[in-house]
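K.L.:
Have a look at the structure that comes next, please.
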Amino acid sequence: MRRRSLLALAPGTALAQAPAVDLALVLAVDASGSIDADEFRLQREGYAEALTHPSVLAAIQGKAQGAIAVAMVEWGAPAAAVTVVGWHRVSDAASAQALAAAVLAAERSPQSWNAIGDALAHCTALLLAAPFRATERVIDLSGDGPDMRSRIEAAAARDAAVAADIQINALAVATAGQVTRFGEPLAETYRREVIGGPGAFVVSAEDRRDIARALRAKLVREIA
């Protein structure tokens, strides 16, 4: 089932004159205290590699508008999610490289414990204010642990996003055999508490060295 298109806007509105894209995507990246400097660097490099990969560019160019819009948010501490890379329109290798450069250059935000619900609320607001006419809107959340200290529970924030026609997918970064405090693999916790919307899914990465592969496959699936 396809989500309602956001392209049918009343003529004369400001957004009706905005650039059209096939997808508005927020990458919500874990920057919590569990990630040391080397892991953080690997994570950033993995995102930059995935965003410029030929398979991702081919998926973008194969859509009706041939363009997507991407922003990056870092999250961790309660009510402290921050947009570290503003909206970039990506349609070709040059614009993808510009986005990747911005991802690598952005300063790391100060974060602490996992507040996934608050992160989802921030990303929802960012998407609703995006300066694009998007056929699809997606939050792509990655993390290495469950929600712990959100002021807004993850499931409640998820439900609010879905009610606004936003899909949430997740990338679970966990080592083999790791279980959450719920006694289940992290991917299962994300399936239960985080993802939402028609066709929502979770992809797993074994560690941060595996992020580029997992994210690349995830982006192709989301775009295509």
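K.L.:
Starting from residues that are closer than 20 Å to residue 62 by Cα and basic (Lys, Arg), keep the ones in region 85-133 and report whichever is surrounded by the fewest Cβ atoms within 10 Å (Cβ to Cβ).
P.N.:
89
K.L.:
Restricting to region 193-224, and then to whatever is within 20 Å of residue 45 (Cα to Cα) and in a strand (DSSP E or B), can you tell me which residue is nearest to the chain's Cα centre (by Cα)?
P.N.:
Selected residue: 203.
K.L.:
Consider only pairs whose beta carbons are under 6 Å apart and that are at least six residues apart or on different chains; among these, list those whose first residue lies in region 145-169 and is under 13 Å from residue 119 (Cα atoms) and open to solvent by 60 Å² or more (accessible area, probe 1.4 Å) and whose second residue is at pLDDT 95 or above and among the charged types (D, E, K, R).
P.N.:
Here the result reads 151/118; 152/118, each pair linking region 145-169 to a residue that is at pLDDT 95 or above and among the charged types (D, E, K, R).
K.L.:
Restricting to region 19-62, what's the tally of residues that are farther than 13 Å from residue 140 by Cβ, modelled with pLDDT of 95 or more and of a type in the set (Val, Ile, Thr)?
P.N.:
Total satisfying the criteria: 3.
K.L.:
I've got another one for you. Of all residues being out of contact with any Leu (no Cβ under 8 Å at 6 or more places or on another chain) and under 15 Å from residue 105 (Cα atoms) in region 33-58, which is least open to solvent (accessible area, probe 1.4 Å)? Just the residue, please.
P.N.:
43
K.L.:
Can you report the number of residues in region 26-64 which are among the basic types (Lys, Arg) and in a helix (DSSP H, G or I)? If you could, list the steps in order and put the result at the bottom.
P.N.:
Taking region 26-64 and keeping what is among the basic types (Lys, Arg), we get 41, 44, 63.
Narrowing further to those that are in a helix (DSSP H, G or I): 41, 44.
Result for region 26-64: 2.
K.L.:
Out of 137, 191, 151, report the one residue that is modelled with pLDDT of 95 or more and touching a helix residue (DSSP H, G or I) at 6+ places or on another chain (Cβ under 6 Å). Spell out how you get there, then give the answer.
P.N.:
Numbers: 191 fails: touching a helix residue (DSSP H, G or I) at 6+ places or on another chain (Cβ under 6 Å); 151 fails: modelled with pLDDT of 95 or more.
Answer to the check: 137.
K.L.:
Can you name the residue in region 134-144 that is in a strand (DSSP E or B) and of a type in the set (Asp, Glu) and, of all such residues, is most open to solvent (accessible area, probe 1.4 Å)? Before the answer, list the steps.
P.N.:
So in region 134-144, the residues in a strand (DSSP E or B) come out as 134-143.
Filter again for of a type in the set (Asp, Glu), leaving 136, 140.
Values: 136: 27, 140: 0 Å².
If we take residues in region 134-144 being in a strand (DSSP E or B) and of a type in the set (Asp, Glu), then 136 is most open to solvent (accessible area, probe 1.4 Å).
K.L.:
Mind listing just one residue for me: the one in region 59-76 that is touching a residue at least 60 places away in the same chain (Cβ under 8 Å) and small (Gly, Ala, Ser) and, of those, least open to solvent (accessible area, probe 1.4 Å)?
P.N.:
Ranking the qualifying residues of region 59-76, first place goes to 69.
K.L.:
So which residues in region 107-144 are aliphatic (A, V, I, L, M) and free of Cβ contacts under 8 Å to residues at least 60 places away in the same chain? Spell out the reasoning first.
P.N.:
Here is the first cut: in region 107-144, the ones aliphatic (A, V, I, L, M) are 115-116, 119-121, 125-130, 134, 138-139, 141.
Passing the criteria: 115, 121, 125, 128, 129.
K.L.:
Are any residues in region 200-224 small (Gly, Ala, Ser) and in contact with a strand residue (DSSP E or B) (Cβ under 7 Å, 6 or more places away or on another chain), and if so, which ones? Before you say what the answer is, go through the steps one by one.
P.N.:
Of all residues in region 200-224, those small (Gly, Ala, Ser) come to 200, 204-205, 212, 214, 217, 224.
Within region 200-224, 200, 204, 205, 214, 217 qualify.
The values are calculated or read from the model by the stated rules, or taken from the named source; none is laboratory data. Because the structure is a prediction, the values reported are computed rather than measured. Positions of Cβ are backbone-derived with ideal geometry, glycine not excepted, and every protein chain shown enters the neighbour counts. Only protein heavy atoms, including side chains, enter the accessible area calculation; ligands, DNA and RNA are left aside. Shrake-Rupley method; radii C 1.70, N 1.55, O 1.52, S 1.80 Å.
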